[in-house]
Amino acid sequence: DAKTTQPPSMDCAEGRAANLPCNHSTISGNEYVYWYRQIHSQGPQYIIHGLKNNETNEMASLIITEDRKSSTLILPHATLRDTAVYYCIVSDTGANSKLTFGKGITLSVRP
Amino acid sequence: DTGVSQDPRHKITKRGQNVTFRCDPISEHNRLYWYRQTLGQGPEFLTYFQNEAQLEKSRLLSDRFSAERPKGSFSTLEIQRTEQGDSAMYLCASSLAATNEKLFFGSGTQLSVL
């Protein structure tokens, strides 16, 4: 069972920031928050992950609330190519762990 | 391109036939996963390997499904006596070492059972 809740869809204008929310109220202390995205007809692509500190890489920023019960993925300048399904996943990194995907959120970037 | 490759990209078969898919992971990756995805759903975990050892199988993996990774490199997923409900995208992913921090996915094999 997925441990996260995401709205089914959202849209944003090209060039604007896209803020994708995720709730994970039952996250445990050793679980990370991962974000993957899946562009149509492709396999999922890793974006970013974090434990409790905010993280940034060349693709996105991840903001995790202090109580770790929710997070936001930020695409600072969305482009049409960012239109995809975005999955928020919580998981530990233990040897027997695996990623469990929910339905994700469909982001539509409009021109 | 040294990413995860899957073959074939598409497979159409008749109900009752056997099918086999192949996955070639990124060469230095020890861990290999199989997922299945149906329309509108996220990928569902099927099984994973650490080198050649199959460490876990989902309850979704009925006895008609078998996966192998004989030399700890490429992997095959076979479905025997296919059913229409097996129609799905079958995704392979690999990761370095024994963590699931970053999975690298292939583009999948789309199976259609008629």
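Taking the stretch A:66-104 as the range and being crowded, with 17+ Cβ neighbours inside 10 Å, under 17 Å from residue A:30 (Cβ atoms), more than 14 Å from every other protein chain (Cβ to nearest Cβ) and out of contact with any Cys (no Cβ under 8 Å at 6 or more places or on another chain) as the test, only A:68 passes. Here the stretch A:27-65 is the region considered, the condition is being free of Cβ contacts under 8 Å to residues at least 12 places away in the same chain and in a strand (DSSP E or B), and the residue that is nearest to the other protein chains (Cβ to nearest Cβ) is A:45. Spot the failing condition for residue B:53; the list is (1) under 23 Å from residue A:35 (Cβ atoms); (2) modelled with pLDDT under 95; (3) of a type outside the set (S, T, N, Q), and only one is missed. Every listed condition holds for residue B:53 apart from (1). Could you list, in sequence order, all residues of the stretch B:45-63 that are surrounded by 17 or more Cβ atoms within 10 Å (Cβ to Cβ) and within 11 Å of another protein chain (Cβ to nearest Cβ)? Hits for the stretch B:45-63 are B:45, B:46, B:47, B:48, B:50.
Of the strands (runs of 3 or more DSSP E) lying entirely inside the stretch B:5-103, those carrying at least 2 residues that are of a type in the set (S, T, N, Q) are B:5-7, B:44-50, B:75-79, B:88-95. Is there a residue being without any contact (Cβ under 8 Å) to a residue 40 or more places away in the chain, away from every other protein chain (no Cβ under 11 Å) and loosely packed, with under 14 Cβ neighbours inside 10 Å anywhere in the stretch B:73-84? No. Restricted to the stretch A:21-37, and to residues there that are buried (at least 22 other Cβ atoms within 10 Å of the Cβ) and under 11 Å from the mean Cα position of the chain (by Cα), the residue that is nearest to residue A:71 (Cα to Cα) is A:22.
The values are calculated or read from the model by the stated rules, or taken from the named source; none is laboratory data. In this text the structure is predicted, and so the values were computed from the model without any measurement. Every residue, glycine among them, receives a Cβ derived from its backbone with ideal geometry; neighbour counts consider all protein chains shown.
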